[in-house]
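One structure is given here, and the rest of the page talks about it.
Laboratory data are not the source of any read-out in this text; all were calculated from the coordinates shown. The shown structure was predicted, so the numbers you read here are calculated from the model rather than taken from an experiment. Here Cβ is always computed from backbone atoms with ideal geometry, including for glycine, and neighbour counts include all displayed protein chains.
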Amino acid sequence: MFEEFVQRVRALLGRLRRAERRELREFRRWAETTDRLVHLSVLVFVPLLIGLVTLLSNAVPQLSFLLFPPLASGSYTLFVDPRGKYADPVQFVAGLTIGAACGLGALWVATAVLTLPSGQFQVAAGAAVLATLATGLITWPFDIEEPSAYSTALLALLVQPTQRLTFLGSIFLASSIVAVVFVVWRNRFYDRRATVLYESTTGDDHVLVPMRGEHAHATAMLGARLAAAHEAGKVVLLDIVSDTGAAETERAMLNGGVEAGTVEAGGVNKTDQVSDAVRERVERLESRAATIETRVGVPCQVVVATGEESAAATTLQAAESTNCDLIAAPYESEHGALTTYLRELFRGRSDVLVHRSRNGRTRWRRVLVPVRRASDVAHHMVDFAVRLAGGSGRVAVATCIGDSGDRRRAESMLADLAEPFVGDIETRVSGTDIHSFLGRASPEYDLVIIGASQDRSAASRFITPPTFERLDDLETDVAIVDRSH
C-alpha cells in the first residue's frame, strides 16, 4: 500500500515537472520577440533602478527626491528603444547633468535680476524660459539632446540654495548608475539575444533526413549545411523499409556484415543472396553519406528502420532514438496539398523542415525569408537562412503589407528580426500580396523559406490556404518550417 502511494506521488511530481518545463518553454517562446523582450525589461529594470536610487536617497539625506521624475522617464527611454536615437548612455548622463546645470544657472540669474515668487513650489516664468532655452542651446551643438534634460532643468528651479551642488551631483551619480546597468544589459543580453534567448540558434544541429523521393539527396545536403553551423552538428540519413528481413539485411551490409552474399545476423552466418535492389540502396546511402562528410564536413550516419507503423510515426521515433531535434524531409504532395506523411510530421514533437527541390540544387547562397510577424518561428527561419547562406551569401527578410499597411511598423518589425543575427541581411517591405511578391522576387534567390502557418485556426486556413500551398508555380527551391508544439 505504501509503495503504491509512493509511486503515485512520484508520478504526480513527474507530471508537475513536465508541466512546469512546458510552461517555461512556452513563456520563453512568447518572450523571444524583441518587442516583448524590451517591454519585459522595462517592467523589470526601470522599477528596480528607481528602487535602488530611492534606497540611496534614503541612506544619504542630501540626495534630492526631485531627481526621480527625469530619471524614471530617461530610464524608460533607454530601455524601450535600446538602439534608438536616445539610447546613448553618455548622452543620457550628460543630458541630465547639463539640464540640471542649466536649471541651476537660470535660477541663479533669476535670483540676481528678477523678483522670485514667495511660494515654496512657485517658479518665476523668466527662470523657466531661461532654463529650457539654455538647455536647448547647450545640448544641441554638442549632439547630446536628451528629452529628460528639460524636466531636469525645470525641477532644478525648485531646489533650495543650500542643496544646489548636491542636486547636481545627485543627478550625475544616479544617471551614471542607470547608464552602467543599461550598458551591461544591452551588451550582455539584448545584443546577444539570438544566442542567449532564441532556442532556434542553439538547437537543430542534429538533423534526420528521411531518404524519400526524387531529390532526397538535395534535402540531405540542405540538412547537412544546417547542421554544419554548429560544432556538434550531425546528419542521420533514414531509410524506412517495410520488410523486416530486408531491413536486417540492409543493416548488416551497412555494418560490414555481408560478404559475397552472406548475411551475418545474431552471431550466425546465414547464406542468403542479397537482392540487387537492397545492395544498390545500400551503396547509394553510403555514397550520399560519404559525399556529405566530404563536401560539408559534418558527421553522417545511416539508419535503417522497419516501417511496421505509419511512415511518419517511424520517422518521429527514429528522430527521438537518434537524438535528432530537426527532421528535414523532402516535399511530397497529393491533389495539390501536403501528403498525410508530412502533415503527421508537423503534428509531432520535433522541429520539421520540408524541402521542395526544383532541380537538385545543393548550395543556397541567396535566401529569401517572407514573414507575417515577429515570432519564434520567424527567428527560426532567419537563423536557417543565415546558416545556409554562410558568410559569403545574402539573406533577405521580407513582409507584405498590402495597400493599406503600416510601412513604418513593418520596417521596424523586420529590423528587430534581422538585428540579432550576424550576416548580410537586407529587409524588404512590399505593398503587394505575398503571392505576387514571391512570383516577382523569387527568381533572384536560390531558396524561399516560409512558415507552415500551424498557429492559424482551421477556419482561417480554410478561407485562406497557407502560402506554401499556393507556390506550385515558383521555380525556386522552397523550405517549409514548423516548430514543435
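Observations on the structure shown:
- The dipole here belongs to region 34-191: it is taken about the Cα centre, uses +1 on the Cβ of Lys and Arg and -1 on the Cβ of Asp and Glu, and is about 200 debye.
- Residue-by-residue Karplus 3J(HN,Hα) for region 277-286, coefficients 6.51, -1.76, 1.60, Hz, glycine and proline x: 5, 5, 4, 5, 5, 5, 4, 5, 5, 5
- 10 Å binning of all Cα-Cα separations within region 314-421, expressed as whole percents from 0 upward: 12, 33, 36, 17, 2
- Protection-proxy order for peptides 318-325, 153-160, 397-404, each taking the mean of Cβ atoms within 10 Å per residue, highest first: 153-160, 318-325, 397-404
- Highest-first arrangement of 90-96, 413-419, where packing means the average Cβ count within 10 Å: 90-96, 413-419
- Calculated diffusion of region 363-485, Stokes-Einstein form, Kirkwood radius summed over Cα pairs, 10 °C and 1.306 mPa s, µm²/s: 108 µm²/s
- Simple Cβ-charge dipole of region 363-485, Lys/Arg +1 and Asp/Glu -1, about Cα centre, in debye nearest 20: 120 debye
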